[in-house]
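> Before anything else, here's the structure in question.
The values are calculated or read from the model by the stated rules, or taken from the named source; none is laboratory data. Small disclaimer: the values here were computed from a predicted structure and weren't measured. Virtual Cβ from ideal backbone geometry, glycine too; neighbours counted across all protein chains shown. Protein only, heavy atoms only, side chains kept; ligands, DNA and RNA dropped before computing areas. Shrake-Rupley method; radii C 1.70, N 1.55, O 1.52, S 1.80 Å.
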Amino acid sequence: MLRRIAPALLTVLVVALGVTALAARPPQGIPRRTADFVVLAGIAGLRWEDVDPQSTPTLWRMARDGSIGSLSVRSAHRPTCPVDGWLTLGAGSFAAWNGSRPPDGCPPAGVVVEQPDGIGANLPDQESVVQHNQQRLSWGAMPGSLSESVRCSVAVGPGAAVAAARPFGRVDRYAAALPVDPRTLLGSCVLSIVDLGTVEGDDPAQRASQARAADAQLARVLAARPPRSLVLVAGISDTAQPSRLHVAVADGPGWERGWLTSASTGRDGYLQLVDLAPTALAALGRPMPERLFLGRPAVSTDGRPADLADAISAPADADQEAAAQRTVSGRFFTLLACVQVFLALAILPLLRRARPHAGPTGPTPGRIVAVAELLLVAAALTVPAALLADAVPWWRGDHPGWLFAGITALLVAAGTAAVRFVPGYAGTLGPLGAVAGLTTLVVGMDVLTGARLQLNGVVGYSALQGGRYAGLSTVGLGVFLAGALLAGGWFAQRVHRGWRPAVMVAVGGLAVVVVGSPYLGADPVGAIALTAGVSVAAVISAGGWLTVSRLAWAAMAALAVGIGFAVVDLRRSAAERGSLGRFLSALGDGTGGFTVHRSSTENFETLVNSPLTVLALVGGLLVWFALLQPWGGLMRLFGIYPAVRAAMAGTVVAAVLGGVLDGAAFDVLGAAASLVVPMAALASLRVLGHAADRTRPLPGRSRADGVDESGSGGAGPTGGGDGPTGGGGPLGAVHPRPISGPPSGSVTAAAPPETPDDSTTDADDPAAPTASGSTPDAAPTVPVPPRQVNRSSTEVAAS
């Protein structure tokens, strides 16, 4: 009875853990009215490296007294040209100007601003811009949403006119430049938007001169600001490729000496361009528009250094790191894909000759196998090592790419040495358990300490992309779920068969909490996918096949977590909902198609452009056409160690779901494959190295004791499992007798200990290592003298 209801009980437990992790949300600062007037001052291209006491004294004093942050200027077009930045500011969502433009460039012509009455202005192109954003772009932005939310707005300069224009093109009050005394103009409406100019180019002297001119205009604005006003200064856009992080400063009541942040970033010191519009409305106490902004109101948090120079160095350093990350990241993943392709090709002949009686020439020499095993360990540890390398500021050097490569190589070597000399390395699952545990530890500790290595890291996410600022990255999710499930499988294999599902649920449930909690991984989609993977791993960890019913239980668990979180999220207010709640709300009002379109587009672009797709495909080909073949060893590994098979199956399910649902295509699967495939190949080599070993059960133990005579641990038809031959795999856990040896009845030997599938101790710890550095998979073996046969090595290896 308990066996029949076990899948349901495990499903309920995993669902409870998942919903608990996703439902809890960290407290967010509640935006409140802090001003009677808001002045938004934009300087296109302004970066923190342009701010200093000599060139920009006004902005320096404003930053000293107010709150500061790094501004990501993502829009619906890349790069974000000045006109795109101003349009996105006024829309509160990712928007872009229409019209022709060069590839990766900006429109050559300026914005046409008409002044028919001398008070306001008209933008004749506004109607076509609105249609372009509503019908052609996937974000569904409505230009002019900010100005539509207030009764009256002021625009100074052509860029400000783009931001302040209502959807039909009207600007309430407009001036081409600041008047001699701007007090009356800035006090005529509650919202003023001012274009202070542009800082562009690579020449430091030119940039300093342009920043000085913008700072002089800012001084006039501050001198004429209305009483009880909030002034926001922002580097509103890029001016050329590549994208950079820009300046964000807020000065006013309640914004003293802090870090700027918002719920859209979830990290102190970071703000998005789309956050500025809701910030202005929240400061004025005005309601948000019916179609919510993509951004969230900014708040000021404590923790900023007292010295402004030290405080500014943090966002400036983040900009430098993000710029270096963009270049190094692509090269790293391309090189990683090439290395893993080379290892996949190199491992094929070793697999063909891994059996002890592999033809007249014998198996591959032990030293070659030992070196190959170390290379596989190093390949599996490359991604965690690259993550850990960001603890060293390599981006500050003259040659950041080479510095990163050297640091990563040292960390890979150190990790490989640690795995090589860890107790239990000689066991079949020793390297797998060590690598999985080390990977889970590195990624998990980073997440628990604020995911600082993920932000702007080579294997993390970039603030320049504007997709994620906190929690787990796509690559981090892949290696973490793979490491956690493999570690769970390794632990489960060490306990009695009846306890294995509980072990998988315990380890996997903790991983779900880490991935899904807004305090930690902040990835609800990843948590839902991992829930399905944990459910799959739990129901087959004791043996048996992944049947339709078991797959249905896993799907039900993931669906239950998703529904539970959706119900909790929808009960929150519209401003506090997460991504899932906002998507369901969009489905309700008929705008959910934009999200579906964006997700499908992102999946396709990632699929065809990402090097991780190569990793996923090469790993899949190696597993299907080599490791899963009769001579590949993986089926034998699965038969002897069903918990490991369960962990790998759960990893595939979780990685595929996580990538597709999150718009990352095969990136999550590719990251997981970079860890799982090398470890599967290494374990297969070791299993094949002992393919001729034979084991026998202890005297006096019978099938009634839970161990069948085949050594399958009761997973086959004689052991009560679902597999057709025992051990949960097609080959079971029986070590086949080598064709060159005599029949088993002609050999006598002492009774060995328990078989690995049912042992409560380390199933990988037999007595003595072989020439390759590994030890037999099961108990002490019965030596069988070889007999010469007239068959080719290929035939023998495949038998």
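> For the structure I just gave you, tell me whether Gln272 is within 29 Å of Gly105 (Cα to Cα) and buried (at least 20 other Cβ atoms within 10 Å of the Cβ).
On the way: within 29 Å of Gly105 (Cα to Cα): yes; buried (at least 20 other Cβ atoms within 10 Å of the Cβ): yes.
It is true that Gln272 is within 29 Å of Gly105 (Cα to Cα) and buried (at least 20 other Cβ atoms within 10 Å of the Cβ).
> Which of (1) open to solvent by less than 10 Å² (accessible area, probe 1.4 Å); (2) part of a helix (DSSP H, G or I); (3) not polar (S, T, N, Q) is the odd one out, the single condition Ala673 does not satisfy?
Every condition holds for Ala673 apart from (1).
> Given the criteria in contact (Cβ under 8 Å) with a residue 40 or more places away in the chain, open to solvent by less than 10 Å² (accessible area, probe 1.4 Å) and over 21 Å from Pro116 (Cα atoms), does Leu137 qualify? Steps first, answer last, please.
Numbers: in contact (Cβ under 8 Å) with a residue 40 or more places away in the chain: yes; open to solvent by less than 10 Å² (accessible area, probe 1.4 Å): no; over 21 Å from Pro116 (Cα atoms): yes.
So Leu137 does not fit the description; no.
> Is it true that Val475 is more than 11 Å from the chain's Cα centre (by Cα), at negative phi and in contact (Cβ under 8 Å) with a residue 12 or more places away in the chain? It would help to see each step written out before you state the result.
Numbers: more than 11 Å from the chain's Cα centre (by Cα): no; at negative phi: yes; in contact (Cβ under 8 Å) with a residue 12 or more places away in the chain: yes.
Spelling it out, it is not the case that Val475 is more than 11 Å from the chain's Cα centre (by Cα), at negative phi and in contact (Cβ under 8 Å) with a residue 12 or more places away in the chain.
> From the list Thr261, Thr301, which residue is β-branched (Val, Ile, Thr) and closer than 19 Å to Gly235 by Cα? Give the steps one after another, and end with the answer.
Working: Thr301 fails: closer than 19 Å to Gly235 by Cα.
Selected residue: Thr261, the only one of Thr261, Thr301 that is β-branched (Val, Ile, Thr) and closer than 19 Å to Gly235 by Cα.
> Right, here's the next one. Anything in region 421-466 that is hydrophobic (A, V, I, L, M, F, W, C) and within 14 Å of the chain's Cα centre (by Cα)? List them, or say none.
Restricting attention to region 421-466, the residues satisfying the condition of being hydrophobic (A, V, I, L, M, F, W, C) are 421-422, 426, 429, 432, 434-436, 438, 441-443, 445, 447-448, 451, 453, 455, 458-459, 463-464.
Passing the criteria: Val443, Val447, Ala451, Leu453, Leu455, Val458, Val459, Ala463.
> Search region 643-665 for residues that are over 14 Å from Ala511 (Cβ atoms) and assigned to a helix (DSSP H, G or I) and pair each with any residue that is open to solvent by 60 Å² or more (accessible area, probe 1.4 Å) and of a type outside the set (D, E, K, R) when their beta-carbon atoms are under 7 Å apart and the residues are at least 6 apart or on different chains.
Ala649/Leu546; Gly659/Phe666
> Which one of these is under 19 Å from Ala654 (Cα atoms) and either in a helix (DSSP H, G or I) or of a type in the set (A, V, I, L, M) (or both): Val495, Val435, Val458, Val534? Walk me through it before giving the result.
Values: Val495 fails: under 19 Å from Ala654 (Cα atoms); Val435 fails: under 19 Å from Ala654 (Cα atoms); Val458 fails: under 19 Å from Ala654 (Cα atoms).
Result: Val534 is the single residue among Val495, Val435, Val458, Val534 that is under 19 Å from Ala654 (Cα atoms) and either in a helix (DSSP H, G or I) or of a type in the set (A, V, I, L, M) (or both).
> Every residue in region 392-401 that is of a type outside the set (Val, Ile, Thr) and in contact with a helix residue (DSSP H, G or I) (Cβ under 9 Å, 6 or more places away or on another chain), please.
The first filter runs over region 392-401 and keeps only residues of a type outside the set (Val, Ile, Thr), leaving 393-401.
If the condition is that a residue be of a type outside the set (Val, Ile, Thr) and in contact with a helix residue (DSSP H, G or I) (Cβ under 9 Å, 6 or more places away or on another chain), then Pro393, Trp394, Trp395, Arg396, Gly397, Pro400, Gly401 are the ones that fit.
> If a residue has to be among the hydroxyl-bearing types (Ser, Thr, Tyr) and farther than 13 Å from Tyr270 by Cα to count, how many in region 293-315 make the cut? Reasoning before the result, please.
Within region 293-315, the subset among the hydroxyl-bearing types (Ser, Thr, Tyr) is 300-301, 313.
Subset that is farther than 13 Å from Tyr270 by Cα: 313.
Going through region 293-315 one residue at a time, the tally reaches 1.
> Being assigned to a loop (DSSP other than H, G, I, E, B) and acidic (Asp, Glu) is the filter; apply it to region 139-184 and report the residue that is nearest to the chain's Cα centre (by Cα).
Step one: filter region 139-184 for residues assigned to a loop (DSSP other than H, G, I, E, B), giving 139-144, 149-152, 157, 165-169, 172, 176-182.
Narrowing further to those that are acidic (Asp, Glu): 172, 181.
On the way: Asp172: 44, Asp181: 51 Å.
Step by step, filter region 139-184, then rank; the result is Asp172.
> Are any residues in region 239-261 more than 29 Å from the chain's Cα centre (by Cα), open to solvent by 10 Å² or more (accessible area, probe 1.4 Å) and among the small types (Gly, Ala, Ser), and if so, which ones?
Across region 239-261, the qualifying residues are Gly252, Gly254.
> Does region 480-491 include one or more residues that are open to solvent by 10 Å² or more (accessible area, probe 1.4 Å) and not in a helix (DSSP H, G or I)?
no
> Another one. Please go through region 364-396 and give me each residue that is assigned to a loop (DSSP other than H, G, I, E, B) and either β-branched (Val, Ile, Thr) or modelled with pLDDT of 90 or more (or both), ordered by number.
Of region 364-396, the ones assigned to a loop (DSSP other than H, G, I, E, B) are 364-365, 381, 390-393.
Residues satisfying the conditions are Thr364, Leu381, Asp390, Ala391, Val392, Pro393.
> Evaluate the following for Leu472: is it of a type in the set (A, V, I, L, M) and either open to solvent by 10 Å² or more (accessible area, probe 1.4 Å) or part of a helix (DSSP H, G or I) (or both)? Don't jump to the end; show me each part of the working.
Numbers: of a type in the set (A, V, I, L, M): yes; either open to solvent by 10 Å² or more (accessible area, probe 1.4 Å) or part of a helix (DSSP H, G or I) (or both): no.
Considered against the rule, which asks whether it is of a type in the set (A, V, I, L, M) and either open to solvent by 10 Å² or more (accessible area, probe 1.4 Å) or part of a helix (DSSP H, G or I) (or both), Leu472 comes out as no.
> Here's a check for you: in region 492-506, which residue that is touching a Ser or Thr at 6+ places or on another chain (Cβ under 9 Å) and closer than 27 Å to Gly450 by Cα is surrounded by the most Cβ atoms within 10 Å (Cβ to Cβ)?
Among residues in region 492-506 that are touching a Ser or Thr at 6+ places or on another chain (Cβ under 9 Å) and closer than 27 Å to Gly450 by Cα, the one surrounded by the most Cβ atoms within 10 Å (Cβ to Cβ) is Met504.
> So which residues in region 198-238 are of a type in the set (S, T, N, Q) and either under 39 Å from the mean Cα position of the chain (by Cα) or open to solvent by 50 Å² or more (accessible area, probe 1.4 Å) (or both)? If you could, list the steps in order and put the result at the bottom.
Of all residues in region 198-238, those of a type in the set (S, T, N, Q) come to 198, 206, 209-210, 217, 229, 237.
Residues satisfying the conditions are Thr198, Gln206, Ser209, Gln210, Gln217, Ser237.
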